[in-house]
1. Please go through segment 151-210 and give me each residue that is part of a helix (DSSP H, G or I) and either within 12 Å of the chain's Cα centre (by Cα) or within 16 Å of the ligand (Cβ to nearest atom) (or both), ordered by number.
2. Consider residue 46 against the criteria (1) in contact (Cβ under 8 Å) with a residue 60 or more places away in the chain; (2) surrounded by fewer than 24 Cβ atoms within 10 Å (Cβ to Cβ); (3) assigned to a loop (DSSP other than H, G, I, E, B): it satisfies all of them except one. Which criterion is unmet?
3. Restricting segment 50-74 to residues that are over 17 Å from the mean Cα position of the chain (by Cα) and assigned to a helix (DSSP H, G or I), which is farthest from residue 116 (Cα to Cα)?
4. Only one of 33, 86, 22, 6 is surrounded by 22 or more Cβ atoms within 10 Å (Cβ to Cβ), more than 16 Å from the ligand (Cβ to nearest atom) and closer than 25 Å to residue 132 by Cβ. Can you tell me which?
5. Given the conditions (1) touching a residue at least 40 places away in the same chain (Cβ under 8 Å); (2) in contact with a helix residue (DSSP H, G or I) (Cβ under 7 Å, 6 or more places away or on another chain); (3) within 16 Å of the ligand (Cβ to nearest atom), which single one is not true for residue 63?
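Derivation of every value follows stated rules applied to the coordinates shown; laboratory data play no part. Just so it is clear, the structure is predicted and the values come from calculations on it, not from any experiment. Backbone-built Cβ (ideal geometry, glycine too); neighbour counts: all protein chains shown.
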Ligand SMILES: [Fe+2]
């Protein structure tokens, strides 16, 4: 089974990259399932309902989130009705939405689990993601060997620990949130594919998908300034994981495709 896990989709540039590049890539690589973090697809801050629906239309099967998943008010209401949009499972149970689901892929079932880290996450204070991952993954193992964990976390240490904690139990542990593709993709000794961060769909020549001038001003002068979307050098990034019938990963390939079709629009 081939599963593509796209890096965080940032703003309109990210939408354009997915629109232009996802379908040809799926065909070329024979991809069975597409998972993507999209908590920044609406101008970089949150995900509105219309943008979520557009992403499904472009070929994404499951959307995951992080600390920004509830930024848009319409999503707070909608997420409880759309089980293909996940919010981190370690939010309190009373919070709308769900953190995991089984997805049918042909005759097979794939378990997708979304968790949020605690290190350097100033706006959220969620339950221990490791304990939750252990219990949810071991329950899912009774149903399927195909288990994908998307861990939205800030530090490479916390993400690395999750990789090793779930090694041999999950098919893949994929880090998101930093929006910069890390060079540490590998298969751990127990057969779990791992990367600290699977990059970004959006502008590469930017600061996290935003125009550099404003981001520089904010940090240099410590004063608030709006972030603006950037369209310079649009890329589709992520990782393609190939998993055997035993649930062990056979390969993890870093994907980084330039969106040349969008150049005339930006
Ligand atoms: Fe995030």
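1. Passing the criteria: 156, 158, 159, 162.
2. (1)
3. It comes out as 57.
4. Going through 33, 86, 22, 6 in turn, the sole match is 33.
5. Among (1) touching a residue at least 40 places away in the same chain (Cβ under 8 Å); (2) in contact with a helix residue (DSSP H, G or I) (Cβ under 7 Å, 6 or more places away or on another chain); (3) within 16 Å of the ligand (Cβ to nearest atom), residue 63 violates only (1).
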